[in-house]
Amino acid sequence: MADIKPKHFTEEEIIEILTNVTDQELEKCHKHELVPSKDVILFQGIPGEARVEDSKGNEYIDFTSQAWTLGIGYIQQDVMFAAMEQMKHISHARNQFQTIPRIKLVNKLSEIAPGDLKNVVLNTQGGSVAVEVALKLAMVNRPLEQDIFITMWGGYHGNTLAMMAPTHYMPIVVRYRGFGREHFVKSPFPYCYRCPFGEKDISECGNLCLTMLQKTIDYGCQGLPIGVLIEPIQGPMGEVPAPPEFIKGVREVCNKNNLLLLYDESQTAFGRIGTMFAAEYYDTVPDLMALTKALGGGFPMGATLASEKLGMFTPAEQHSTFSANPVCYAAALINLMLIERLDLPKRAEEMGKYLMKRFLELQENYPIMGDVRGIGLFQGVELVKDPKTKVPANTAAEEFVAEALKKGLILDLSQPVITMHGEFYRNTLTIKPPLVITREQIDRAMEIFEECLQTVTPLIKT
């Protein structure tokens, strides 16, 4: 097919529709949207960079990669060309029909997957579906009576009705509860800065979270457990890396109890922490792995990898009308090849060390930065009122994000943690810029970061 041209509109008409908007249109949109949105209208990404302009021409350095998705930067040229080229051939196919991008993407994921995770299920809905696929495949590979999954305190696995059940409960801000809660039991995650067992370092506590995992399997399940679902690094909870000895211990516990180990690598995969997958960083391979976010290079993509030891689905067990989009598959394929060609995992490791160095330098002068943690370009800065008491600086954190946006830096916050006793904290700044970010952009972002620290610190004192 030749270059795509409009048939019933002029090119000028379509360009006008897609590139111009009035304040009245935005106001009307806000009125009718069921989910609140920001007033900033993102309009023009800088190709292959961490920068983006809004509809008024203001430029931002994006420290969120738009929900950790644009690992290769905005509108990366090779990926955009792949998508446009695929549109000339076929833009939709139902689930069981093969397309060339689908064949090559399955083979590519199988090729780069850690260990024996060589079998692949694709989707174009994202992480919630990818995790559900992992749970379903675990269930069809075990007897029906095994139907309990152990998940972690603070874990986040999506917000569908099914995936809200294993996700950390957020009362008030989420006004419904997940379906199937009886199939999930939660065990402590080693959030060492706020240790569940008394603010101890893992070297002092003897890896109590791992001990509690075994106790949960032994005493906490009203039924037979089937597996453990875990984020090796918790993202929404506050960018919390699990200690390596914990992850290795979880694998041993699963082996000992004949349980499957499931990783949710929706946020960690595809170079962000300095390796293609967290499984490689921790040198511990699960039986199933859920992937999304940076997989599509900006296009909606999800995938589930499974051990070759596990059996396959029947067509009735896994299908969806829009789960086989060849345009998304083409973009994802070139995205993965580009990550390898540019060696972005190594770049993430290098830039991550530099960024962490800058944060630690700031922390020396600003005690509001209670904890700075992370691996590669997966980092979090936890703001507190006092570094000794660790009381969360929630208001300061919210103001920090708003102030940074005004100054040209896009940041976000961790998920809210709310308890029955009135405890509340949402005070960790989530730092996950595109892997292509430059040192100069980090330096400018750190200038803005310090300006925001100077602005919000008085809020705590008053």
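The values are calculated or read from the model by the stated rules, or taken from the named source; none is laboratory data. What you see is a predicted model, and the numbers here were worked out from it, not measured in a lab. Please note: Cβ atoms are built from the backbone with ideal geometry, for glycine as well, and neighbour counts cover all protein chains shown. Note: accessible area is taken over every heavy atom of the protein model, side chains too, but ligands, DNA and RNA are not part of it. Shrake-Rupley method; radii C 1.70, N 1.55, O 1.52, S 1.80 Å.
Overview of results
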{"quantity": "Rounded D (µm²/s) - segment 66-195, Kirkwood Rh over Cα pairs, Stokes-Einstein at 25 °C, 0.890 mPa s", "calculated": "136"}
{"quantity": "Length gained when the stretch Phe81-Lys38 is fully extended (0.36 nm per residue, less Cα-Cα span)", "calculated": "12.5 nm"}
{"quantity": "Average Cα contact separation per residue, segment 377-427, under 8 Å, 6 or more apart, as relative contact order %", "calculated": "33"}
{"quantity": "Simple Cβ-charge dipole of the chain, Lys/Arg +1 and Asp/Glu -1, about Cα centre, in debye nearest 20", "calculated": "900"}
{"quantity": "Long-range HN-HN contacts of Lys186 with modeled amide H, under 5 Å", "calculated": "Thr151"}
{"quantity": "At most 16 other Cβ within 10 Å, DSSP loop - chymotrypsin sites (Phe, Trp or Tyr not before Pro), segment 153-205", "calculated": "Tyr169, Tyr176, Phe179, Phe197"}
{"quantity": "For segment 405-462: span of alpha carbons on each principal axis (Å, largest first)", "calculated": "45, 29, 16"}
{"quantity": "His89, His421, ranked by accessible area, largest first (probe 1.4 Å)", "calculated": "His421, His89"}
{"quantity": "Cβ-derived FRET efficiency at R0 51 Å, Asn95 paired with Arg444, nearest 0.05", "calculated": "0.65"}
{"quantity": "Glu450 - accessible surface, heavy atoms, 1.4 Å probe, Å² rounded to 10", "calculated": "60"}
{"quantity": "FRET efficiency estimate (nearest 0.05) - Cβ-Cβ, Thr22 to Leu224, R0 51 angstrom", "calculated": "0.30"}
{"quantity": "Length-normalised contact order for the chain - Cα pairs under 8 Å, 6+ apart - percent", "calculated": "21"}
{"quantity": "Heavy atoms of Asp78: accessible area, 1.4 Å probe, square angstrom to 10", "calculated": "80"}
{"quantity": "Per residue value of the accessible surface for the chain (all protein chains in place, 1.4 Å probe), Å²", "calculated": "48"}
{"quantity": "Segment 363-387-segment 272-324 distance, computed between alpha-carbon centres (Å)", "calculated": "31"}
{"quantity": "Additional length obtainable on full extension of the chain from Ser110 to Glu451, 0.36 nm per residue less Cα span", "calculated": "118.2 nm"}
{"quantity": "Residues of segment 109-129 with amide N under 18 Å of the 7 Å Cα→Cβ point at Arg341", "calculated": "109, 112"}
{"quantity": "Computed magnitude of the charge dipole of segment 83-210 (debye, nearest 20; Cβ of K, R +1, Cβ of D, E -1)", "calculated": "500"}
{"quantity": "Compactness of segment 212-294 as Cα Rg over 2.2 N^0.38 Å, two decimals", "calculated": "1.10"}
